[in-house]
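K.L.:
Got a structure for you, written out below as structure tokens; questions coming shortly.
The values are calculated or read from the model by the stated rules, or taken from the named source; none is laboratory data. Because the structure is a prediction, the values reported are computed rather than measured. Here the Cβ positions follow ideal geometry from the backbone for every residue, glycine too, while neighbour counts run over all protein chains shown. Keep in mind that these areas ignore ligands, DNA and RNA; they rest on the heavy atoms of the full protein, side chains included. Shrake-Rupley method; radii C 1.70, N 1.55, O 1.52, S 1.80 Å.
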Amino acid sequence: MMLRTPRLLIRSLLASDQQALHDLNSHDEVQHFLRSAIPSEEEDAASLHRQLAANRLHHDLGHVVAVPAEDPSAPLVGWFHLRPGPDGDIFNPELGWRLHPSVWGQGLATEACRALLEHAFTTVQASSVTAETLAANLASRRVMAHLGMAETGMRDWTSPDPVPGREQGVVQARIGLRTWLDTHEDVRSALHELQARALKERDKSALETLRTLGMDLARIETDGVRASQDLVAELARARGIRW
């Protein structure tokens, strides 16, 4: 996986990232809501081995790192995952992140996660993306909110590790395709334009496009434009949006 944002290059995890990841995980601030003790080099090496093995199973999902776009050889900005959800569900993957404390407060977690969401809903063709964090982790909850994710429930902290705030439980959050589309201005404009042509002007080409993509007029009139992934892909390509 290779993604670019204005400030970041997001790439697949490499075996050579082992020391950099251990350095990231050795900060008390990073581990505060994850575990009560700093992981050893051996633990991080074993974790990296598992993550690399998981990455080989799913080309478009897995564990990635972010580095500065202007200098990819610079130290890691952070570690992220976009991995299959429960029971290996690749169409409802889980998003997670861990940033170096030196770059906290700069919006980089949100920037990287937005790129990963776009990747999930376009390349992977996910139906939804989930995330979770301890309720006490207000910074991660703010990132979820900035991404448009809605908090959907709570679960107990099940690990025996006595991390701070565990008694408050774990917040679960989710964003679906339609909600993500509503935050994607270019695609939203294209959807609205097609809806206007189909409903108000009864434009035959617009109606034919909808029918070809499996959408009939009754559904459009009843529910508005219910954007299937195929329809959104068609609209995006027509507008020159990367899809």
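K.L.:
Hey, does region 11-32 have a residue that's hydrophobic (A, V, I, L, M, F, W, C), in a loop (DSSP other than H, G, I, E, B) and more than 21 Å from Ala139 (Cα to Cα)?
P.N.:
yes
K.L.:
In region 39-52, what residues are farther than 11 Å from Ala15 by Cβ and in a helix (DSSP H, G or I)?
P.N.:
Glu41, Glu42, Glu43, Asp44, Ala46, Ser47, Arg50, listed by residue number.
K.L.:
Quick check on Pro75: is it open to solvent by 80 Å² or more (accessible area, probe 1.4 Å), over 16 Å from the mean Cα position of the chain (by Cα) and over 24 Å from Val163 (Cβ atoms)? So that I can check it myself, show each step before the final result.
P.N.:
Values: open to solvent by 80 Å² or more (accessible area, probe 1.4 Å): yes; over 16 Å from the mean Cα position of the chain (by Cα): yes; over 24 Å from Val163 (Cβ atoms): yes.
In short, yes.
K.L.:
Mind listing whichever residues of region 121-133 are out of contact with any Asp or Glu (no Cβ under 7 Å at 6 or more places or on another chain) and at pLDDT below 90?
P.N.:
Passing the criteria: Phe121, Thr122, Gln125, Ala126, Ser127.
K.L.:
Something else: Tell me which of these Ser36 doesn't satisfy, since it passes every other one: (1) part of a helix (DSSP H, G or I); (2) over 21 Å from the mean Cα position of the chain (by Cα); (3) in contact (Cβ under 8 Å) with a residue 24 or more places away in the chain.
P.N.:
Of (1) part of a helix (DSSP H, G or I); (2) over 21 Å from the mean Cα position of the chain (by Cα); (3) in contact (Cβ under 8 Å) with a residue 24 or more places away in the chain, only one is false for Ser36: (1).
Conditions tested, residue by residue: (1) at pLDDT 95 or above; (2) within 23 Å of Pro160 (Cβ to Cβ); (3) out of contact with any Leu (no Cβ under 8 Å at 6 or more places or on another chain).
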site	(1), (2), (3)
Asn25	no, yes, yes
Glu29	no, yes, yes
Phe33	no, yes, no
Ser36	no, yes, yes
Pro39	no, yes, yes
Ala54	no, no, yes
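K.L.:
May I ask you to list the residues in region 132-141 that are touching a helix residue (DSSP H, G or I) at 6+ places or on another chain (Cβ under 6 Å) and among the hydrophobic types (A, V, I, L, M, F, W, C)?
P.N.:
Ala135, Ala136
K.L.:
Okay, next question. Considering region 125-183 alone, what residues qualify as being assigned to a loop (DSSP other than H, G, I, E, B), open to solvent by 40 Å² or more (accessible area, probe 1.4 Å) and within 27 Å of Ile38 (Cβ to Cβ)?
P.N.:
So in region 125-183, the residues assigned to a loop (DSSP other than H, G, I, E, B) come out as 125-127, 135-137, 147-149, 156-165, 169, 183.
Filter once more, so that each one left must be open to solvent by 40 Å² or more (accessible area, probe 1.4 Å): 125, 127, 156-160, 162, 164, 183.
Those that are assigned to a loop (DSSP other than H, G, I, E, B), open to solvent by 40 Å² or more (accessible area, probe 1.4 Å) and within 27 Å of Ile38 (Cβ to Cβ): Asp156, Trp157, Thr158, Ser159, Pro160, Pro162, Pro164.
K.L.:
Look at Ala109 and say whether it is surrounded by fewer than 20 Cβ atoms within 10 Å (Cβ to Cβ) and either of a type outside the set (D, E, K, R) or in contact with a Ser or Thr (Cβ under 7 Å, 6 or more places away or on another chain) (or both).
P.N.:
On the way: surrounded by fewer than 20 Cβ atoms within 10 Å (Cβ to Cβ): no; either of a type outside the set (D, E, K, R) or in contact with a Ser or Thr (Cβ under 7 Å, 6 or more places away or on another chain) (or both): yes.
In short, no.
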